[in-house]
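Colleague: Please read through the structure below; I'll follow up with questions.
The values are calculated or read from the model by the stated rules, or taken from the named source; none is laboratory data. Nothing here was measured: the structure is a model prediction, and the numbers come from that model. Glycine gets a Cβ as well: all are built from the backbone with ideal geometry, and neighbour counts include every protein chain shown. For accessibility, only protein heavy atoms count, side chains too; no ligands or nucleic acids. Shrake-Rupley method; radii C 1.70, N 1.55, O 1.52, S 1.80 Å.
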Amino acid sequence: MNPLPDLNPCPIWSSWALAHLPVGLLVLDSQTRVVFVNKWFLQHAGLMTEQVVNKPLFEVFPQLTDSKLEFFLNQSMTLGFPTVLSQTLHPSPFPLYQPGVQRTQDKFLRQSIRIIPVSGEAALSLGQRYTLIQISDVTQSVIRERLLKAQADKLKGMANLDVLTSLGNRRLLDESLPLAVRSAVKIGRPLSVIMFDIDFFKQFNDNYGHLAGDDCLQQVAQVLRDVCRRPHDVVARFGGEELVAVLPETSGKDAVQLAEAVLKGVQNLKIPHADSAAAVWVTLSAGVAAFDPCSAATSADLVGAADRALYAAKHQGRNRVCTAWGSTPT
Amino acid sequence: MNLTEIELDALTEVFNVGVGQAASALSQLANATVRLSVPKVEMISKQNISNELTSQGADRICAVRQDFTGVLNTEAVLMFPVQQSLQLVQLMVGDEVPLEQLGEMEQEALAEIGNILLNSVVSGMADVLKMQFDGSLPTVELGPVADVLCGNGQMQEKVLSLQIDFAIDALQIQGFLVFLLDVESIDSLKTTVRAFLKDLE
């Protein structure tokens with residue numbers, strides 16, 4: 001440690017150099033009175049030297065009283081150790097703005113702050129403990145990180161989306177069903193899975209063409225979205241004309257009601273289907289499986305059970321809901 | 001040169017006072033109750049710490065480092081498995097969105113959290129043992145355990161290691177605080193702890 005030669009004497013160019021630093025600098029004496037402020041800080045605070053220098057910091061910035069900055073400043077001055085205040089945990093402690101922009105609260109610069117108290121021996125030779133507050137503007141970094149995160153979220157969303165129906169795809173289902181099962185076990189709440197299939201969809205495509213088939217799938221998907229719309233519901237296209245709903249906090253009985261609402265909604269679309277043996281409109285079959293949080297069943301068991309129930313619904317003449325625990329005719 | 005069981009027990013108590021102060025500062029920051037405890041203090045080799053962290057499935061760790069100089073010179077390194085450091089930042093920020101990576105901003109938040117902890121622990125020790133230290137600003141480092149611990153030196157070198165348990169709401173996080181000490185510094189630590197124990201008699 002060699003404190004004295006660093007502090008004395010000041011070269012003649014030092015104040016010029018300090019005035020050109022692109023960071024804010026404040027030096028406080030041991031009574032938190034401002035003894036020095038640099039040009040960058042004044043410009044970004046919109047203040048004149050005489051409004052800041054020789055004034056207590058908390059008089060210049062009364063909004064800092066009882067703030068976290070005050071707490072950590074006091075702690076740093078008491079312990080004599082430097083302190084970091086991150087932008088993430090304290091976005092904008094000082095009211096600083098980009099010069100020239102309209103001064104509103106949402107335009108505060110994002111700040112990364114370092115509080116550096118003069119340490120033991122140097123404090124003795126200076127007669128008291130001065131503290132340097134250094135403020136860097138990290139607004140641009142924050143904007144950049146936010147953009148990157150938004151991009152990543154968007155790409156992730158796209159990777160899990162079925163292009164035709166805008167429902168989730170198989171990948172989303174494979175990711176979210178095990179999570180839903182785990183959370184059902186953890187909180188001891190029910191979970192249900194419904195598997196839907198459009199009745200005689202191959203004949204529909206053969207008769208009306210694939211474009212009409214795509215349109216039909218999109219309309220059915222919309223009904224499914226409208227019925228299963230709680231935030232944690234997941235609806236996905238399992239493959240071809242098979243659609244799946246994963247319904248957390250839903251008992252088997254409630255899931256049957258939702259499945260019937262979907263079937264009814266699709267019937268009400270009244271999409272003509274001349275080659276269906278089930279009705280004159282497009283209809284669905286559905287299989288419902290309920291998860292028992294006390295069982296050791298896996299997500300694959302649950303999908304398998306829903307699939308078997310769906311098979312039973314088809315076997316019994318389609319356009320109906322069957323359950324994995326016994327059939328309930330529509 | 002090594003510290004005896006009694007000396008290590010004394011240090012465990014001293015460090016628990018320090019983390020107690022850190023816990024109240026972190027609670028303020030998180031607007032939640034943060035509890036910290038130091039269940040044990042040991043002199044162990046870097047290799048042992050590396051093994052312990054690796055056995056927790058943490059091949060990559062996140063470290064906050066600070067230098068402290070004075071009667072003894074030490075580099076303090078606070079380490080978490082990367083996944084746990086993400087959870088810690090998330091809890092402190094109160095963010096519900098799960099983080100997948102430690103970006104620039106998260107690393108800085110971690111520097112702040114580590115800074116609070118290291119300052120409290122070292123000042124607690126300085127108070128009780130009547131020592132004086134100067135501290136540096138924290139830096140954050142990500143990498144394999146061996147790289148972080150062994151910038152220079154051998155994996156067989158012994159360090160003073162504190163296991164630190166964090167409890168925030170329902171979540172438990174375990175970290176390690178390691179003090180890298182040279183031989184002279186271990187000597188002066190031992191002398192200081194002995195003097196402290198003698199005063200208690």
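Colleague: Does any residue of the stretch A:55-77 turn out to be within 14 Å of chain B (Cβ to nearest Cβ) and in contact with a His (Cβ under 8 Å, 6 or more places away or on another chain)?
Modeller: Yes, the stretch A:55-77 contains at least one residue that is within 14 Å of chain B (Cβ to nearest Cβ) and in contact with a His (Cβ under 8 Å, 6 or more places away or on another chain).
Colleague: Then there's this: Given the criterion in a strand (DSSP E or B) and in contact with a Lys or Arg (Cβ under 7 Å, 6 or more places away or on another chain), identify the matching residue among A:Val235, A:Val288.
Modeller: Every option except A:Val235 fails the conditions.
Colleague: OK, next. Facing chain B (nearest Cβ under 8 Å), touching a residue at least 60 places away in the same chain (Cβ under 8 Å) and out of contact with any Pro (no Cβ under 6 Å at 6 or more places or on another chain): is that true of A:Ser136 in this structure?
Modeller: no
Colleague: Check every one of the helices (runs of 4 or more DSSP H) wholly within the stretch B:73-152 and list those with 3 or more residues that are surrounded by fewer than 19 Cβ atoms within 10 Å (Cβ to Cβ).
Modeller: On the way: elements: B:82-93, B:104-129, B:145-149.
Here the list reads B:82-93, B:104-129.
Quick grid of which residues meet (1) open to solvent by less than 10 Å² (accessible area, probe 1.4 Å); (2) aliphatic (A, V, I, L, M); (3) under 29 Å from the mean Cα position of the chain (by Cα):
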{"site": "A:Asn207", "(1), (2), (3)": "no, no, no"}
{"site": "A:Asp214", "(1), (2), (3)": "no, no, no"}
{"site": "A:Gln219", "(1), (2), (3)": "no, no, no"}
{"site": "A:Phe238", "(1), (2), (3)": "no, no, yes"}
{"site": "A:Leu243", "(1), (2), (3)": "yes, yes, yes"}
{"site": "A:Thr250", "(1), (2), (3)": "yes, no, yes"}
{"site": "A:Ala286", "(1), (2), (3)": "yes, yes, no"}
{"site": "A:Ala290", "(1), (2), (3)": "no, yes, no"}
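Colleague: Quick check on the stretch B:69-80: of everything there that is within 13 Å of the chain's Cα centre (by Cα) and not small (Gly, Ala, Ser), which residue is modelled with the lowest pLDDT?
Modeller: Among them, the one singled out is B:Phe80.
Colleague: Can you pull out the residues in the stretch A:252-284 that are among the aliphatic types (A, V, I, L, M), open to solvent by 50 Å² or more (accessible area, probe 1.4 Å) and in contact (Cβ under 8 Å) with a residue 24 or more places away in the chain?
Modeller: A:Leu269, A:Ala274, A:Ala277, listed by residue number.
Colleague: If you don't mind, there's one more thing I want to ask. Residues of the stretch A:20-32 being within 42 Å of the chain's Cα centre (by Cα) and either open to solvent by 30 Å² or more (accessible area, probe 1.4 Å) or of a type in the set (Val, Ile, Thr) (or both), which ones?
Modeller: Selection gives A:His20, A:Leu21, A:Pro22, A:Val23, A:Val27, A:Thr32.
Colleague: OK, next. Could you run through the stretch A:46-77 and say how many residues are touching a residue at least 12 places away in the same chain (Cβ under 8 Å), of a type in the set (S, T, N, Q) and open to solvent by 40 Å² or more (accessible area, probe 1.4 Å)?
Modeller: 3
Colleague: Could you please find all residues in the stretch B:62-72 being closer than 18 Å to B:Glu112 by Cβ and open to solvent by less than 10 Å² (accessible area, probe 1.4 Å)?
Modeller: B:Cys62, B:Ala63, B:Val64, B:Gln66, B:Phe68
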